[in-house]
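The values are calculated or read from the model by the stated rules, or taken from the named source; none is laboratory data. Bear in mind that the values here come from a model prediction, so they are computed numbers and not experimental data. Cβ placement follows ideal geometry from the backbone for every residue including glycine, while neighbour counts extend to all protein chains displayed. Protein only, heavy atoms only, side chains kept; ligands, DNA and RNA dropped before computing areas. Shrake-Rupley method; radii C 1.70, N 1.55, O 1.52, S 1.80 Å.
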Amino acid sequence: MGKLLKVAIIATVLLAAVSNQAAWAQERKKTPALREQVYSQLARAQELADAGDVPAGLQVLQAVEQKLSSMNSYERAMLWNFYAYMHYGQDNIDQAIVYFAKVVDEEALPLALEQNTLYSLAQLALGQGNYQQSLGYLERWQQLVPVDQHSKAFVLKAQALYQAGDYAAALTPITQAIDEAVDKSLIPEENWLVLQRAIYFELKQTDQVAKVLEQMVRWYNKPEYWVQLAGVYGQLGEEAKQLAMLEAAYQQGFLVKGTDLLNLAQTYFFSDLPYKSGRVLEQALADQKVERNLRNLKMLAQAWVAARETDKAVEALAAAAELSDDGELDAQRATVLLNAERHQAAIAAAQAALTKGNLQQPGTMHLVIGMAELNQENYNAALQAFARAKEFEQSRRTASQWQRYAEAELEQAQRLAEINRS
């Protein structure tokens, strides 16, 4: 149980214990007198407990309890109240609940004592996971207080209903608590918004989850709320808003987790911003926020390829290839290099892919070698490569076309050479 709840309950108990007896007697119904001899013993028990000797304090209460038959209802209620207070102070919550319940079972109680005790019981039962019991005490409490004071229990009631699984019913009181604060130009407590967000999530009202998170970002500006709101925008299909939130969070230094940085990189990529994707991922890898594994290096390479950053793409593909069991990444590297007209490097990459093996289309690498050789006017080497490519069904047709083209280029080169010789 949280410190704030403990403090609140202790304050409630102490208020009930020391409030003026004469004032209580004027409330709702006539209350019997608390005799001096009983009060002095209860006060002594409290002094011992406050001094740290709780066992001695309990012994005094047990002595008072021996005279239970001669005590009136108010004296018995105060005895149970002191028992409850001592057990509560020892974190013996179950026993505290037992004795607080005995307090409200007494007749002719002062109204303030009954109200405070019922509210404390609702809090304690909630803390112990007894949600229906908590709601029962709250209902009894509401019957004793004016309607305009019910707002005090909005959050407590919402918590109990939420924990009991009645999400629709829980939504009303927590929304009332938040709206009341806003109407008074106050910022609602953060845990109220957390609860409201959780309720909307359980009700599968994603658009309302987004609205609550928008308020949490505005009022509390915590990194996790920016990230969560971006995620919800993504679920709603509002990619532009998702990217804007992630980008703003990144610029503020809110994205520190590897998963969040990967999410931003992916969002950039699928928003047709591959260069920004590569920059984010490259920095995350350099800062060791993201693991330098095969998956992430492939993602980096994919971003640089799409951004037409050849050097960066080649570097990322080479790094990823070192971690791969097949030659597919070297094959991609060969294609990128061929497109960049870096022919010798393309040939080397294609040969590395073939050496490593396990390629889905090995004939394509022979085509790459053939085209790179042809572009360097190495006709015989090109024809040899195209002949090898024809051995594979998937590349046979394309290889035949390139072979005919290479043969034509070779013939023309030979004619030009003969003309020059003559």
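Within the range 170-208, restricting attention to residues that are in contact with a Phe, Trp or Tyr (Cβ under 6 Å, 6 or more places away or on another chain) and acidic (Asp, Glu), which residue is surrounded by the fewest Cβ atoms within 10 Å (Cβ to Cβ)? Checking each candidate, the answer is 190. Only helices (runs of 4 or more DSSP H) whose full extent lies in the range 114-198 are considered here, and the ones with at least 2 residues that are within 29 Å of residue 80 (Cβ to Cβ) are 131-142, 154-163. Every condition in (1) open to solvent by less than 70 Å² (accessible area, probe 1.4 Å); (2) closer than 30 Å to residue 169 by Cα holds for residue 254 except the one numbered (2). Condition first: open to solvent by less than 10 Å² (accessible area, probe 1.4 Å) and more than 26 Å from residue 143 (Cβ to Cβ). Can you find one or more residues in the range 41-50 that meet it? Yes, the conditions are met somewhere in the range 41-50.
Yes/no per residue for (1) more than 21 Å from the chain's Cα centre (by Cα); (2) charged (D, E, K, R); (3) within 27 Å of residue 100 (Cα to Cα):
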site	(1), (2), (3)
148	yes, yes, yes
155	yes, no, yes
170	yes, no, yes
184	yes, yes, no
194	no, no, no
206	no, no, no
209	no, no, no
221	no, no, no
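Can you find a residue in the range 90-100 that is in contact with an Asp or Glu (Cβ under 9 Å, 6 or more places away or on another chain), without any contact (Cβ under 8 Å) to a residue 60 or more places away in the chain and either open to solvent by 10 Å² or more (accessible area, probe 1.4 Å) or not aromatic (Phe, Trp, Tyr) (or both)? No.
Exactly one residue among 289, 241, 211 is open to solvent by 40 Å² or more (accessible area, probe 1.4 Å), of a type in the set (D, E, K, R), modelled with pLDDT of 95 or more and closer than 24 Å to residue 321 by Cα, and that residue is 289.
Looking at the range 136-151, which of its residues are in contact (Cβ under 8 Å) with a residue 24 or more places away in the chain and either open to solvent by 30 Å² or more (accessible area, probe 1.4 Å) or more than 22 Å from residue 192 (Cα to Cα) (or both)? Result: 140, 144, 145, 151. Within the range 303-322, the only residue that satisfies the criterion of being under 15 Å from residue 353 (Cβ atoms) and open to solvent by 60 Å² or more (accessible area, probe 1.4 Å) is 322.
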